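The values are calculated or read from the model by the stated rules, or taken from the named source; none is laboratory data. Because the structure is predicted, anything quoted here is derived from the model rather than measured. Methodologically, a virtual Cβ is constructed for each residue, glycine included, from the backbone with ideal geometry; neighbour enumeration extends over all protein chains shown.
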Amino acid sequence: LYDVLHDTRYRKKWDSNMIETYDIGRLTVNADVGYYSWKCPSPLKNRDFVTLRSWLPLGNDYVIINYSVKHPKYPPRKDFVRAVSLQTGYLIKANGDGACVLYYLTQVDPRG
């Protein structure tokens with residue numbers, strides 16, 4: 001499950017709302033900056049994020065956390081509303097043979 005959530009190239013296979021996602025740059029071995037945009041239901045305008053994402057394996061468990069950042073090369077686009085992730089996190093806890101429990105917490109301002 002960690003790989004499914006973490007792999008931006010694989011995301012298009014399971015996230016039908018995604019318009020575009022890509023890595024902007026790697027900061028450390030456990031942190032990067034990325035871009036993500038998604039389709040909103042009508043009559044809302046589509047949204048996008050630029051986030052700093054950090055992750056940490058904890059034995060058999062994994063943590064992924066992100067929050068919005070500004071990047072001079074990726075200003076808000078006219079065709080999207082720039083949403084703000086105040087704090088978003090996933091905790092993936094091993095739960096027996098090939099099973100896990102996913103905890104997801106997010107505080108987002110969708111703006112607009």
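Quick notes
- From Arg53, Arg9, residue being of a type outside the set (Asp, Glu), part of a strand (DSSP E or B) and either under 30 Å from Asp97 (Cα atoms) or touching a Pro at 6+ places or on another chain (Cβ under 9 Å) (or both): Arg53
- Selection from region 94-110 of residues that are modelled with pLDDT under 95 and among the charged types (D, E, K, R): Asp97
- Taken over region 83-103, the criterion of being surrounded by 15 or more Cβ atoms within 10 Å (Cβ to Cβ) and part of a loop (DSSP other than H, G, I, E, B) is satisfied by Ala83 alone.
- Residue check for Tyr74: at pLDDT 95 or above, hydroxyl-bearing (Ser, Thr, Tyr), touching a strand residue (DSSP E or B) at 6+ places or on another chain (Cβ under 9 Å) and assigned to a strand (DSSP E or B): no
- One residue from Arg47, Arg77, Arg111, Arg53 being touching a residue at least 12 places away in the same chain (Cβ under 8 Å) and on the phi > 0 side of the Ramachandran plot: Arg111
- Selection status of Leu5, touching a residue at least 40 places away in the same chain (Cβ under 8 Å) and farther than 25 Å from Pro110 by Cβ: no
- Close pairs (9 angstrom Cβ cut-off, 6 or more residues apart or separate chains): over 20 Å from Ser54 (Cα atoms) in region 85-98, modelled with pLDDT of 95 or more and surrounded by fewer than 10 Cβ atoms within 10 Å (Cβ to Cβ) anywhere: none
- Restricting attention to region 27-60, the residues that are among the charged types (D, E, K, R) and either surrounded by fewer than 11 Cβ atoms within 10 Å (Cβ to Cβ) or in contact with a helix residue (DSSP H, G or I) (Cβ under 9 Å, 6 or more places away or on another chain) (or both) total 1.
- Hits in region 22-35 - residues which are over 16 Å from Lys73 (Cβ atoms), in a strand (DSSP E or B) and not hydrophobic (A, V, I, L, M, F, W, C): Thr28
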